[in-house]
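To start, the structure under review is shown below, and the notes come after it.
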Amino acid sequence: MKTRLVKLIGSGALAIVAGALVAVGLIRVTAPPPPQLLRSVEVVDRNGFLLRPFSLPDGRWRLAAKPEQVDKRYLEMLVAYEDRRFRDHIGVDPLALFRATWQLVTNGEIVSGGSTLSMQVARLLAPRKNRTFAAKLAEIVHAMQLEARLSKQEILELYLTLAPFGGNLEGVRAASHAYFGKEPMRLTIGEAALLVALPQSPEVRRPDRAAGTAIRARNRVIDRMLAYGVITVAEANRAREEAVPRIRKELPQLAPHAAEAALAAFPKKQRHHLAIDATIQQRLEELVREKAPALGPRVSVAVLVADNETGEILARIGSVDFNDMERAGRIDMTRGVRSPGSALKPFIYGLAFEDGVAHPETLIEDRPTRFGAWRPENFDLTFQGTVTLRRALQLSLNVPAVALLESVSPQRLFARLETSGAQLQLPQGEIPGLAIGLGGLGLRLEDLTTLYTALARGGEAFPLVHRLDVSNENHRRARLLDPVAAWYVGNVLIGAPPPENAIFGKIAFKTGTSYGYRDAWAIGFDGKRTIAVWVGRPDGQPVPGMIGRAIAAPILFDAFARAVPKIEPLRAAPNGAMIATTARLPLPLRRFMPLGETRNTASAEQPLKIIFPLNGAQLALERSSPAEAPQPIAIKTNGGNGPYRFLVDGLPIGEADFRSAAFWQPAGPGFVRLTVIDASGTTDSVVVRLQQ
């Protein structure tokens with residue numbers, strides 16, 4: 001009888017075990033696909049540093065967290081405190097459940113929970129309404145299904161992302177930023193213990209509302225870690241002495257305009273990887289906030305920092321403070337269209353250098369001059385007389401700039417800048433005229449940065465790079481200036497007088513002030529980076545005293561001091577650059593002759609003049625067939641002393657002894673400058689437009 005009873009009991013036990021195994025197998029086989037979790041969108045810098053997260057639609061912060069992004073000691077303490085056999089069980093720990101049940105029976109209350117980390121994740125994914133046996137059983141089944149579909153690391157990642165930490169904080173990264181102001185990669189023992197303790201009762205233990213309760217909960221974790229041998233006595237003592245945070249910090253808000261733009265461009269992307277360097281961004285945001293009080297009410301500041309070689313935007317400050325309503329902080333003034341004042345003058349000089357009609361040491365007249373009905377004046381209402389082009393650009397003199405622009409053609413300058421990537425805007429119905437050289441058009445700080453980075457890299461222009469997670473291989477490249485002309489301009493600008501107490505001869509820079517004191521600009525570059533600064537009111541109202549040299553230039557030099565660890569020298573002079581004094585220049589380059597004037601000599605019966613094509617003419621390109629090159633075009637002259645040399649955009653096309661005509665093969669449509677030089681150095685030039 002006894003033997004039969006034992007057999008029955010054994011058979012029953014085997015049946016129970018077999019049934020349990022079948023049930024477990026069915027649970028795991030029928031497990032649904034892994035959950036698709038909604039996480040906060042993140043915008044990160046070039047090194048993966050969090051610039052700005054965006055909350056979920058319901059206001060919760062839920063930052064994705066992988067185990068490798070979290071302090072190893074925290075993970076060790078978490079597993080030891082919550083689920084010591086986490087690596088071994090299949091979602092449920094029978095020993096822990098038995099212990100919890102026994103403690104409930106013997107003590108009459110819950111002493112410890114039997115939930116594994118997998119069961120907690122299951123509960124976080126599908127919160128239970130009531131603490132019933134059926135709800136607990138469903139939680140166990142869900143946990144086993146998670147174990148069937150996910151690895152232990154993936155389950156741990158879900159916990160690190162979903163665990164509640166009080167208020168609208170979910171996940172260890174959001175909690176670490178809110179309570180400690182940092183990523184959880186490196187935590188003290190006390191910080192790690194607090195983060196282990198909080199999810200047990202996140203609202204009751206919030207340190208910003210119940211510091212005493214939080215300390216007691218943290219210390220219980222420390223005591224258990226000491227008992228388990230996870231930490232030493234010395235570590236435990238130091239951890240207990242740590243203060244807990246009494247206030248909750250704001251989550252990172254760096255580069256808010258760049259973050260908003262990234263989200264708007266790719267609204268479905270979960271993670272946006274920008275080219276910004278968080279360290280430079282933070283330093284310059286602090287700089288503009290420091291400068292703002294002295295600028296006056298409603299005045300804002302925008303700054304861009306770009307790498308010269310790659311065009312990558314390393315910092316983008318669109319306003320003094322994103323949340324400053326008085327200064328219209330939500331408006332991104334790196335993309336506001338404003339008048340550049342004199343900031344485009346270097347490119348006028350660059351075209352003149354490129355055409356071969358001027359050199360930095362060429363003399364030019366700064367005297368009262370009329371250009372049609374317009375008589376430009378300098379900012380200080382004085383004139384310097386005869387100066388070199390170097391000095392004229394460094395002092396930002398207006399008459400020399402307009403004279404050069406008349407020579408190189410406003411339309412050609414406009415077309416060259418547009419081709420190089422700048423988005424230029426003219427008043428409705430206007431065409432490019434001489435006024436564009438002094439700010440008579442609109443552009444953005446971003447456009448100026450594009451142009452000046454091209455200047456810094458030797459004249460090659462391509463679009464700025466804002467993101468590192470989008471291919472930039474197809475970005476169009478264009479030639480803003482030839483390398484020699486670009487080097488000449490940089491060599492001139494590095495000698496511009498800097499603001500008071502600023503370094504001299506290290507940064508090539510130019511300032512600009514728009515009409516009516518509405519915009520102050522300063523743009524500079526060294527051998528590695530370009531920094532552009534705009535100061536003004538976003539609503540376009542004038543601000544007395546808003547002068548580029550006085551207001552924007554000091555911010556520019558302070559920005560270099562904070563953002564650039566070492567000023568890098570500019571590029572070396574390229575092949576073809578001519579370094580000479582005025583007296584040693586070739587005769588045609590010693591003094592600039594405005595368009596229409598010639599160097600007359602006594603031996604010439606008539607002054608040298610290009611009689612075809614006429615200045616400003618529009619010529620149609622003729623082709624025998626669409627696939628063939630355009631037909632040659634004749635350049636005809638009269639007067640002067642032969643032999644003659646003919647140039648197109650500063651490049652010679654050949655000599656003809658005592659002949660006053662030449663034929664030239666055009667490359668295609670566009671503006672070109674044609675120049676003739678006779679034996680005595682007399683020159684004449686015209687600018688024409690070639691059309692298909």
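The values are calculated or read from the model by the stated rules, or taken from the named source; none is laboratory data. Note that the coordinates shown come from a computational prediction; the quantities given were computed from them, not determined experimentally. Cβ placement follows ideal geometry from the backbone for every residue including glycine, while neighbour counts extend to all protein chains displayed.
Assorted remarks:
Listed here are the residues, each with its yes/no results for (1) within 19 Å of the chain's Cα centre (by Cα); (2) more than 26 Å from VAL484 (Cα to Cα).
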{"residue": "GLY536", "(1), (2)": "no, yes"}
{"residue": "ASP539", "(1), (2)": "no, yes"}
{"residue": "PRO542", "(1), (2)": "no, yes"}
{"residue": "ILE547", "(1), (2)": "no, yes"}
{"residue": "PRO554", "(1), (2)": "no, yes"}
{"residue": "ALA563", "(1), (2)": "yes, yes"}
{"residue": "ARG571", "(1), (2)": "no, no"}
{"residue": "ASN575", "(1), (2)": "no, no"}
{"residue": "MET578", "(1), (2)": "no, no"}
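- Looking only at residues of the stretch 393-412 that are over 33 Å from the mean Cα position of the chain (by Cα) and among the small types (Gly, Ala, Ser), we find that the one that is farthest from ASN615 (Cα to Cα) is ALA403.
- Scanning the stretch 160-199 for residues that are hydroxyl-bearing (Ser, Thr, Tyr) and surrounded by fewer than 21 Cβ atoms within 10 Å (Cβ to Cβ) yields one hit, THR188.
- Scanning the stretch 218-237 for residues that are without any contact (Cβ under 8 Å) to a residue 12 or more places away in the chain and within 34 Å of the chain's Cα centre (by Cα) turns up nothing.
- First in the stretch 68-86 and within 20 Å of GLU147 (Cα to Cα), second anywhere and buried (at least 19 other Cβ atoms within 10 Å of the Cβ) and hydroxyl-bearing (Ser, Thr, Tyr), Cβ under 6 Å, 6 or more apart: ASP83/THR116
- Any hit, the stretch 107-124, residues being at pLDDT below 95 and in contact with a Pro (Cβ under 7 Å, 6 or more places away or on another chain): no
- The single condition among (1) touching a helix residue (DSSP H, G or I) at 6+ places or on another chain (Cβ under 8 Å); (2) of a type in the set (A, V, I, L, M, F, W, C); (3) modelled with pLDDT of 75 or more that LEU595 does not satisfy is (3).
- Filter pass, LEU413 being touching a residue at least 60 places away in the same chain (Cβ under 8 Å), over 17 Å from ASP307 (Cβ atoms) and of a type outside the set (Lys, Arg): yes
- Condition broken by GLN423, with the remaining ones in (1) crowded, with 19+ Cβ neighbours inside 10 Å; (2) in contact (Cβ under 8 Å) with a residue 12 or more places away in the chain satisfied: (1)
- Any chance ALA392 is in a helix (DSSP H, G or I), small (Gly, Ala, Ser) and within 27 Å of ILE579 (Cα to Cα): yes
- For the criterion of being modelled with pLDDT under 95 and either surrounded by fewer than 23 Cβ atoms within 10 Å (Cβ to Cβ) or closer than 22 Å to ARG316 by Cα (or both), GLU430 passes.
- Qualifying strands (runs of 3 or more DSSP E) (wholly inside the stretch 614-692; at least 1 residues being hydroxyl-bearing (Ser, Thr, Tyr) and at pLDDT 80 or above): 633-638, 644-648, 670-677, 683-691
- A count restricted to the stretch 458-485 and to residues that are in a loop (DSSP other than H, G, I, E, B), surrounded by 19 or more Cβ atoms within 10 Å (Cβ to Cβ) and aliphatic (A, V, I, L, M) stands at 3.
- Verdict on GLU361 being in a loop (DSSP other than H, G, I, E, B), acidic (Asp, Glu) and within 30 Å of ALA461 (Cα to Cα): yes
- The number of residues in the stretch 426-450 that are out of contact with any strand residue (DSSP E or B) (no Cβ under 7 Å at 6 or more places or on another chain), assigned to a helix (DSSP H, G or I) and touching a residue at least 40 places away in the same chain (Cβ under 8 Å) comes to 4.
- Scanning the stretch 185-237 for residues that are in a loop (DSSP other than H, G, I, E, B) and closer than 19 Å to GLY167 by Cα turns up SER201, PRO202, GLU203, VAL204, ARG205, ARG206, PRO207, ASP208, ARG209, ALA210.
- Sole residue being more than 16 Å from the chain's Cα centre (by Cα), buried (at least 20 other Cβ atoms within 10 Å of the Cβ) and closer than 25 Å to VAL402 by Cβ, chosen from LEU455, LEU451: LEU455
- Cross-chain or 6+ apart pairs with Cβ under 6 Å, the stretch 376-389 first and surrounded by 15 or more Cβ atoms within 10 Å (Cβ to Cβ), then among the β-branched types (Val, Ile, Thr) and modelled with pLDDT of 90 or more: PRO376/VAL399; PRO376/VAL402; LEU389/THR362; LEU389/ILE364
- Residues of the stretch 499-512 that turn out to be more than 15 Å from VAL301 (Cβ to Cβ), of a type in the set (S, T, N, Q) and in contact with a helix residue (DSSP H, G or I) (Cβ under 8 Å, 6 or more places away or on another chain), as a count: 0
- Breaking point among (1) touching a residue at least 60 places away in the same chain (Cβ under 8 Å); (2) of a type in the set (Phe, Trp, Tyr); (3) surrounded by fewer than 17 Cβ atoms within 10 Å (Cβ to Cβ), for TYR488: (3)
The rows are residues; the columns are (1) within 17 Å of VAL337 (Cβ to Cβ); (2) surrounded by fewer than 22 Cβ atoms within 10 Å (Cβ to Cβ).
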{"position": "SER514", "(1), (2)": "yes, no"}
{"position": "TRP521", "(1), (2)": "yes, no"}
{"position": "ILE531", "(1), (2)": "no, no"}
{"position": "TRP534", "(1), (2)": "yes, no"}
{"position": "GLY540", "(1), (2)": "yes, yes"}
{"position": "GLY545", "(1), (2)": "no, yes"}
{"position": "GLY548", "(1), (2)": "no, no"}
{"position": "PRO554", "(1), (2)": "no, yes"}
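- Check on THR310, surrounded by fewer than 20 Cβ atoms within 10 Å (Cβ to Cβ), of a type in the set (S, T, N, Q) and either within 25 Å of HIS273 (Cβ to Cβ) or in contact (Cβ under 8 Å) with a residue 60 or more places away in the chain (or both): yes
- Residue check, PHE347 aromatic (Phe, Trp, Tyr), more than 22 Å from ALA485 (Cβ to Cβ) and either modelled with pLDDT of 95 or more or out of contact with any Phe, Trp or Tyr (no Cβ under 8 Å at 6 or more places or on another chain) (or both): no
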